[in-house]
Structure formats: C-alpha cells, structure tokens
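Trainee: The structure follows.
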Amino acid sequence: MKYINILLIVLLINTMTNAQDKTIEAKIDALLSEMTLQEKVGQMNQYSSFFDVTGPAPAEGENKMRYEHIKTGQVGSMLNVRGAKQVREMQKLAVENSRLGIPLIFGFDVIHGHKTVSPIPLAEAASWDLEAIEKSARVAATEAAAEGLNWTFAPMVDISRDARWGRVMEGAGEDPYLGSRIAEARVRGFQGDDLTADNTIAACAKHFAAYGFAESGKDYNTADVGISTLYNVVLPPFKAAKDAGVLTFMNSFNELNGIPATGDEFLQRDLLKGEWGFDGFIVSDWGSITEMIPHGFAADGVHATEIAANAGSDMDMQSYLYIAHLEKLVEEGKVDEAKIDDAVRRILRVKYKLGLFDDPYKYCDEVREKKLIYAPEHKAAALDIAKKSIVLLKNEKNTLPLAKKRQKIALIGPLADDKTSPLGNWRLAAENNIAVSVLEGMQAYKKNKLTHEKGVNLVTEDTYFHAHVKLNTTDDKGIDAAVAAAKKADVVVMVLGEHGMQSGEGRSRANIGLPGLQQQLLEAVHAANPNIVLVLMNGRPLAIPWAAENVPAIVETWHLGIESGNAIAQVLYGDYNPSGKLPMTFPCDVGQVPIYYNYKNTGRPGPQDVVFWSHYTDQTNAPLYPFGYGLSYTTFKYNDLNINKKGNIVNVSVNVKNTGKTDGEEVVQLYIRDRVASVTRPVQELKGFEKIMLKSGESQTIQFMLTDKELGFYNNRGKFVVEPGAFDVMVGGSSAETLKGEFELE
Ligand code: BGC
C-alpha cells in the first residue's frame with residue numbers, strides 16, 4: 001500500500017512537471033517567434049558588471065555601450081553584479097526598457113559560501129559528508145539569492161590528480177566516484193527542490209571538460225586525455241551533475257586533444273546535449289571564445305564566433321564576440337539560425353524555470369537580504385562543516401587532543417593570527433579579516449597559558465584579490481623569538497601552510513612544500529622543542545616529508561572559512577573528534593605528481609631486485625598520505641567482510657567497531673578491482689562509502705550493493721560495458737588499509 005502511494009506521488013509529480021515543461025516550451029515558442037535576430041543574439045551575450053547601477057548612467061565609452069545594450073535587449077545575462085538594490089536597478093534597465101522586457105539572469109561565483117564563507121570545496125570534500133556538503137551549498141544559495149543573484153558558477157567538478165594545479169582547492173579531489181556524489185550534493189544544495197523559490201539558484205557544472213588535467217599542473221595548459229580516462233575519470237562527475245538536474249554547464253579554457261573545449265562540438269553537442277540529453281545552456285568561460293585565437297584554432301574573432309556557436313557554446317561570457325558578429329554570420333549562412341534558436345530556447349528555459357518571467361525582482365528584497373546575510377544558522381552550518389573537513393594526519397604518543405588546563409602553549413607561525421587566509425580563494429563576496437583565527441579560537445580555552453609568535457611573515461605585503469602573492473624569503477628576524485617561546489612551552493602549536501591566495505585560479509606552483517621561510521622556522525622551533533602540533537592551512541596537498549617524519553602531530557585544516565579558528569581549536573582540544581579523510585593523495589615529493597590511488601598496474605609493477613620496474617631510483621612510489629586516509633582520536637576495527645552474489649548484484653557487508661575510548665565518526669570505504677578486462681582497470685576504484693558515528697565500544701554492520709553501474713566501465717570506444725571475470729573487493733578506513741575479498745562475475 002505504502003509502495004503504491006509513493007508510486008502515485010511520483011507519477012503525479014512527473015505529470016505536473018511534464019505539464020509545467022509543456023507550458024514553458026509553449027511560452028518560449030511564442031516569445032521566440034516575436035524576437036528579432038538581434039534580440040536572440042542578445043540573449044546569448046553576457047557582460048561583467050561595469051558601473052555603479054545606482055549612480056548616473058555612464059555618459060560615454062564602453063560602459064555607455066553596454067548600458068545601452070541592456071536597454072535594447074542585447075544582453076541576456078550579467079555577472080558580478082550583486083546586492084538586492086543593485087540587481088533590481090540593473091534588472092529594471094532590461095525589463096522596463098527593452099522591447100520584449102526579457103529579464104536578465106544574474107550570475108556570480110558562489111563557490112564556498114557567499115558572505116558566510118564555508119571551507120574551500122576541497123576541504124568540504126574531505127568531510128565525505130554529503131549531507132553537510134549539500135547544506136553548505138544550500139546556505140550559500142540562500143545568501144546569494146538574498147543578494148539578488150540567481151545563478152552560481154559552481155560546482156566545479158573537475159577531477160585533478162595534480163597538486164601543482166592551483167584550482168584543486170575548488171574541486172572535490174582526485175576520485176570520480178567521490179567527485180560524482182559531491183557534484184550531486186552541491187547541485188541539490190544550490191538548486192533545492194523548488195527552482196521558483198526565492199532562495200534557490202541555478203547551478204553550473206564546470207569546466208567542461210578536462211580542465212583539471214592541465215599538463216604539468218599549469219593553469220590553462222593543454223589537456224591530452226585518452227578515451228578511457230576521459231570517460232571513466234573526467235566525465236562521470238559532469239554526468240552526475242546533469243542527472244541531478246543541473247541547469248547550466250560552463251565550458252573550459254583548455255584544449256582537449258587538440259580542440260579548445262569552447263569550440264568542441266563533440267563535447268557540447270554530441271555528448272552533453274545529444275547523448276546525455278542536457279536541456280539547459282552552456283556558458284563559455286571568461287573570454288574563452290576569444291582565446292581560441294591564441295590557441296591556434298580560430299583565425300580571428302569572427303572565426304571564433306562561428307566555431308563556438310556551431311559547437312554549441314550558448315552564451316558568450318565576456319568575449320564581446322557574439323554580440324559583434326553572430327547576426328552577420330547567420331545572415332551569411334555560416335551559422336544556422338536554428339542553432340541560435342536552440343541556444344536562446346535553452347537560456348529562456350532556465351529563466352522560466354527560475355520564475356524570472358513571473359517576477360524578475362523576486363530575488364531583490366532588501367529586507368530579506370539584511371535578515372539572511374550572516375544569519376546565525378549559516379554560521380552554525382559553516383562551523384559544522386569546518387570541523388568535519390579537518391583531517392588528522394598524524395598523532396604520535398597521543399599528542400592530541402591537548403589537555404585543557406595547566407599547559408603552557410606556544411602558538412607559532414605566520415597563519416596563526418591570520419583572519420583572511422582561512423577564507424581561501426574564490427570568495428568574491430566576502431570581506432577580508434572576518435575569519436576566526438586559530439589564535440582567537442584557542443584563546444577561548446582560557447585555562448591554559450597561551451603565547452603567540454609569528455616567527456616569520458609568509459608574505460611581504462598585503463595582497464589583494466588578483467595580485468600575486470609575494471613571499472617572504474629573507475626576513476628571518478622573528479625566528480629567535482619563536483624559538484624562545486617554544487623553549488618555555490609544554491606544547492608548541494605551529495600554524496603553517498599557504499596564504500589564502502596561494503591556491504586558486506592562476507596559482508599553480510612548481511614547488512608544493514611549505515612556502516617561504518616556514519620550513520626553516522619549523523626546523524628551528526623543532527630543535528628547541530620537538531613537542532609540536534603542526535596545523536596545516538592550505539588549498540592543495542603539500543609535500544611535507546620532513547614534517548611527516550619529525551613532527552609528532554599533524555592536522556590538515558585546509559582553508560576552512562569564517563569559523564576556521566573555532567573549528568580548529570575544538571579539534572585540537574578534543575571537543576570534536578576529527579573524522580575527515582583525504583580526497584586527494586599527498587605526495588612525498590613534487591616529482592611524484594601526478595600521483596593518485598587509482599593508478600594502473602603496468603607490466604612491471606615490482607618491486608623487484610633488478611632496477612627494471614616502474615619506479616623512481618631516488619624516491620618511493622608510495623604517497624606520503626594516501627587517498628581516503630585520516631585518523632581519529634579513537635580507533636576502528638574492521639571485521640567479517642562478507643560478499644554475497646545474487647546474479648550480477650553483489651552485496652558486501654563489513655562489521656566496524658569503535659575499539660577506542662572516544663566516540664567517533666568513520667568513513668567506511670569500499671573499493672573494487674576488476675582483475676582482467678578488455679581495457680585495463682585501475683588497481684583500486686572507490687565504489688561506495690558511508691560515514692557512520694560509533695560510540696566507544698559500539699559496532700555496526702555496513703552494507704554495500706554493487707550493481708552493473710559500479711562494476712562496469714567505459715571502453716575505448718566510450719561504450720559502457722560490464723565484463724565477466726574475477727574482482728577484488730577492498731573495504732576499510734583508507735585506500736591503503738583494507739580487508740580483502742573477491743568474487744566472480746559470470
Ligand atoms: C573561471 C570560471 C569563473 C569565471 C567567472 C573564470 O576565470 O575560470 O570558473 O566562473 O571566471 O568569474
């Protein structure tokens with residue numbers, strides 16, 4: 001009976017959605033039939049913010065031109081305009097002046113939180129907590145929508161195996177399975193379950209595709225990716241986002257196998273809009289249509305326009321090319337008007353779905369804006385996910401948690417009192433200096449004696465958003481004071497890592513150790529007092545072999561957002577038991593990069609006595625810390641791995657027991673290996689996980705189900721196949737430590 005009721009509800013919802021869709025399509029038909037070619041092209045044009053909309057209209061120059069374009073229906077979208085009042089003013093320009101009054105859609109990079117900044121996406125991925133991640137996106141959408149925005153350029157779902165690439169901070173790490181689940185959670189969080197609500201915004205899966213495979217980790221660089229990697233590693237999170245209903249996609253700066261993604265017909269038309277049936281629109285990346293010229297793919301702006309429009313790039317972000325050339329290209333027959341109609345239909349569809357035609361100002365309510373920005377429940381959510389994102393990497397001799405009284409603690413390091421770096425990169429709406437620093441977080445524990453020394457400054461001058469970080473590599477005058485403080489302390493807490501602007505777009509690094517003079521500071525302090533807790537703050541995996549060897553406790557805290565210091569202090573003092581697991585492998589040495597857990601075995605996996613096997617002669621193959629790894633203040637024991645096969649469905653169960661004295665959370669991970677296949681498969685692939693809470697002494701049996709979806713793979717023709725044969729199953733609390741079993745698929 002219950003089942004029938006659910007079925008009826010699902011059918012009803014489907015019928016209602018279909019009816020809604022039909023109404024929307026009919027409205028689009030009617031509108032399209034009224035639009036001039038110029039107005040259609042206008043919908044495909046997006047500008048960035050250009051003047052104070054509440055001030056006087058620009059009298060001359062480019063701003064005047066763009067202002068006029070909005071008034072004459074030649075702009076479909078704006079980015080980087082925010083604030084209920086500002087958005088309303090700009091929306092008015094379009095709605096009240098243009099012939100058809102089509103509302104603008106307002107886009108913005110709402111990447112991790114909005115005003116209430118949450119942890120960087122890589123950090124959130126370390127929580128493996130899909131509910132908390134969804135909540136974080138929900139909070140971000142609520143604040144962004146309250147500021148008049150209706151579209152975020154997130155989630156970035158690019159898989160990357162290269163810690164040199166600065167944008168790993170913005171993604172979910174190296175694994176396509178984890179990345180897919182997180183992509184879905186973020187789309188759900190941003191878009192909610194009612195797109196017409198005033199607190200949900202359109203999401204955008206980016207950057208389509210393979211941007212995270214930039215050669216040598218250098219941003220914007222060439223990506224050369226084989227079919228197997230493309231289909232099995234790069235594309236799955238995009239497909240997952242599409243299936244979760246993401247309304248838009250963004251293409252990408254990079255070329256993929258010789259074709260700039262922005263001009264790639266296979267990716268955009270054949271695959272995404274064709275095979276996958278995506279009915280939203282694709283926005284170019286910033287100026288990426290023009291960039292096809294230096295790529296050597298387009299001769300000039302006219303040519304670039306023709307290529308991008310034909311390839312299925314629906315909206316031009318900041319190249320100014322569609323608006324300049326597209327009409328003429330249609331008239332000349334170089335771009336079919338049906339393609340323009342299709343692009344415009346997609347853009348209008350998203351606007352209709354968001355309810356912008358019903359009320360173009362529905363996001364523009366200054367009272368709501370005031371009420372929702374920095375709402376206490378948003379801060380609470382930011383703190384919750386910040387704690388969950390922390391990964392305990394090492395804890396020898398129970399150095400952590402710290403005792404809460406009668407301790408002399410020296411807090412040392414350039415990031416200890418930093419209130420801006422913890423906000424990380426890509427937090428365009430945030431004010432500087434608003435994060436709780438580690439110093440402030442630790443000061444809340446009053447029964448210990450806390451002294452603070454910077455030791456060194458990480459940067460030599462204040463940096464603003466788009467400036468390059470200038471590192472301090474010479475001024476070591478503060479080291480003596482830090483050493484003196486360390487000598488007097490029972491425990492030293494050192495906060496080292498990357499300045500908030502050392503990762504992110506354009507911030508690739510060739511060296512991924514501790515930047516500036518921090519290694520020198522660490523070693524000097526260690527010589528004086530080795531009882532160190534190293535708190536790392538960074539936007540990418542770091543190569544820190546010396547610290548891993550010599551420092552007794554290491555806590556990875558990434559850039560944790562506005563509640564950073566509170567979250568860190570609660571973990572250091574044991575008020576929260578760390579539960580994060582690495583979403584990306586930490587290398588011992590930058591020379592090992594790209595390094596990832598789901599590698600292929602090769603014909604010479606070794607190890608063997610003679611030198612001729614796949615390895616380095618001067619460095620181990622092993623990572624410093626593997627994917628999925630993270631400690632807790634308690635211990636978990638895995639037992640009773642059971643594998644039960646019924647037809648082609650494999651049920652796996654495992655018993656997990658909290659064997660320590662503290663309650664704690666564990667991420668139970670399931671990996672498989674397809675031993676022999678028509679295309680070689682990785683030595684390990686994550687295919688399931690569950691985060692569970694176990695009280696001290698408690699145990700729980702966890703069940704996983706493997707179906708064709710998990711057991712199959714894409715072959716070298718891009719075809720999904722499930723092949724018979726032997727599989728290994730690995731279950732554990734990290735990719736490196738697992739119980740093992742096997743089964744055979746007929
Ligand atoms: C980035 C995109 C971003 C866009 C708009 C580009 O530089 O690659 O991810 O959404 O700018 O800010």
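Trainee: Considering only segment 352-369, I want to know if a residue exists there that is more than 25 Å from K92 (Cβ to Cβ), touching a residue at least 24 places away in the same chain (Cβ under 8 Å) and more than 16 Å from the ligand (Cβ to nearest atom). Give the derivation first.
Mentor: Restricting attention to segment 352-369, the residues satisfying the condition of being more than 25 Å from K92 (Cβ to Cβ) are none.
Taking every residue of segment 352-369 in turn, none turns out to be more than 25 Å from K92 (Cβ to Cβ), touching a residue at least 24 places away in the same chain (Cβ under 8 Å) and more than 16 Å from the ligand (Cβ to nearest atom).
Trainee: Among the listed residues A137, A125, which satisfies the condition of being of a type in the set (A, V, I, L, M), under 24 Å from F689 (Cβ atoms) and away from the ligand (no atom under 16 Å from the Cβ)? Full working, then the answer.
Mentor: Working: A137 fails: away from the ligand (no atom under 16 Å from the Cβ).
Of A137, A125, the one residue that is of a type in the set (A, V, I, L, M), under 24 Å from F689 (Cβ atoms) and away from the ligand (no atom under 16 Å from the Cβ) is A125.
Trainee: Could you say whether any residue in segment 488-500 is assigned to a loop (DSSP other than H, G, I, E, B), closer than 19 Å to K449 by Cα and not β-branched (V, I, T)?
Mentor: At the first step, the residues of segment 488-500 found to be assigned to a loop (DSSP other than H, G, I, E, B) are 489-490, 498-500.
With closer than 19 Å to K449 by Cα added as a condition, the list becomes 489-490.
Then drop every residue that is not not β-branched (V, I, T), which leaves 489-490.
Yes: segment 488-500 contains one or more residues that are assigned to a loop (DSSP other than H, G, I, E, B), closer than 19 Å to K449 by Cα and not β-branched (V, I, T).
Trainee: Another question, then. Within segment 374-395, does at least one residue satisfy the condition of being out of contact with any helix residue (DSSP H, G or I) (no Cβ under 9 Å at 6 or more places or on another chain) and assigned by TED's automatic domain parsing to the domain that holds L582?
Mentor: yes
Trainee: Hey, another quick one. Report the residue count in segment 26-41 for those that are part of a helix (DSSP H, G or I) and free of Cβ contacts under 8 Å to residues at least 40 places away in the same chain.
Mentor: Summing the residues that are part of a helix (DSSP H, G or I) and free of Cβ contacts under 8 Å to residues at least 40 places away in the same chain in segment 26-41 gives 4.
Trainee: Given the conditions (1) open to solvent by 50 Å² or more (accessible area, probe 1.4 Å); (2) within 29 Å of L392 (Cα to Cα), and given that R604 satisfies all but one, which numbered condition is not satisfied?
Mentor: Looking at each condition in turn, R604 falls short on (2).
Trainee: Of everything in segment 479-523 that's under 14 Å from P541 (Cα atoms) and polar (S, T, N, Q), which residue is most open to solvent (accessible area, probe 1.4 Å)?
Mentor: For segment 479-523, the residue satisfying everything is N511.
Trainee: Name the single residue that is surrounded by the fewest Cβ atoms within 10 Å (Cβ to Cβ) among those in segment 546-571 being under 26 Å from the mean Cα position of the chain (by Cα) and assigned to a helix (DSSP H, G or I).
Mentor: Narrowing segment 546-571 to residues under 26 Å from the mean Cα position of the chain (by Cα): 554-571.
Cutting the leftovers down to assigned to a helix (DSSP H, G or I) gives us 564-571.
Values: S564: 33, G565: 27, N566: 25, A567: 28, I568: 27, A569: 24, Q570: 22, V571: 27.
It comes out as Q570.
For (1) buried (at least 20 other Cβ atoms within 10 Å of the Cβ); (2) more than 28 Å from the chain's Cα centre (by Cα), each residue gets a yes or a no:
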| site | (1), (2) |
| --- | --- |
| K388 | yes, no |
| E396 | no, yes |
| L415 | yes, no |
| V436 | yes, no |
| M442 | yes, yes |
| Y445 | no, yes |
| L450 | no, yes |
| E453 | yes, yes |
| E461 | no, yes |
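Trainee: Within segment 142-167, track down each residue that is small (G, A, S) and in contact with a strand residue (DSSP E or B) (Cβ under 7 Å, 6 or more places away or on another chain).
Mentor: If we filter segment 142-167 for residues that are small (G, A, S), which is where we start, we get 144-146, 148, 154, 160, 163, 166.
A144, G148, A154 - these are the residues of segment 142-167 that are small (G, A, S) and in contact with a strand residue (DSSP E or B) (Cβ under 7 Å, 6 or more places away or on another chain).
Trainee: While we're on this one: Among the candidates L195, L178, which residue alone is aliphatic (A, V, I, L, M) and either crowded, with 24+ Cβ neighbours inside 10 Å or in contact with a Phe, Trp or Tyr (Cβ under 6 Å, 6 or more places away or on another chain) (or both)? Spell out how you get there, then give the answer.
Mentor: Numbers: L195 fails: either crowded, with 24+ Cβ neighbours inside 10 Å or in contact with a Phe, Trp or Tyr (Cβ under 6 Å, 6 or more places away or on another chain) (or both).
On inspection, the qualifying residue turns out to be L178.
Trainee: For segment 142-175, give me each residue that is assigned to a helix (DSSP H, G or I) and either open to solvent by less than 10 Å² (accessible area, probe 1.4 Å) or within 24 Å of E685 (Cβ to Cβ) (or both).
Mentor: So the first thing to find is which residues in segment 142-175 are assigned to a helix (DSSP H, G or I), and the list is 142-146, 166-170.
Matches in segment 142-175: E143, A144, A145, A146, G166, R167, V168, M169, E170.
Trainee: Only one of A202, A183 is more than 12 Å from the chain's Cα centre (by Cα), more than 18 Å from Y599 (Cβ to Cβ), open to solvent by less than 30 Å² (accessible area, probe 1.4 Å) and in contact (Cβ under 8 Å) with a residue 24 or more places away in the chain; which? Show your work before the answer.
Mentor: Numbers: A183 fails: more than 12 Å from the chain's Cα centre (by Cα).
Answer to the selection: A202.
Trainee: Another question, then. In segment 164-180, which residues are away from the ligand (no atom under 14 Å from the Cβ) and touching a helix residue (DSSP H, G or I) at 6+ places or on another chain (Cβ under 6 Å)? Working first, answer last.
Mentor: Going through segment 164-180, the residues away from the ligand (no atom under 14 Å from the Cβ) turn out to be 164, 172-180.
R164, A172, G173, P176, G179, S180, listed by residue number.
The values are calculated or read from the model by the stated rules, or taken from the named source; none is laboratory data. As the structure is a computational prediction, the values presented were derived from the model and not from experiment. Glycine also receives a Cβ, built like all others from the backbone with ideal geometry; neighbour counts cover every protein chain displayed. Side chains are part of the model used for accessible areas, which takes the heavy atoms of the whole protein and leaves out ligands, DNA and RNA. Shrake-Rupley method; radii C 1.70, N 1.55, O 1.52, S 1.80 Å.
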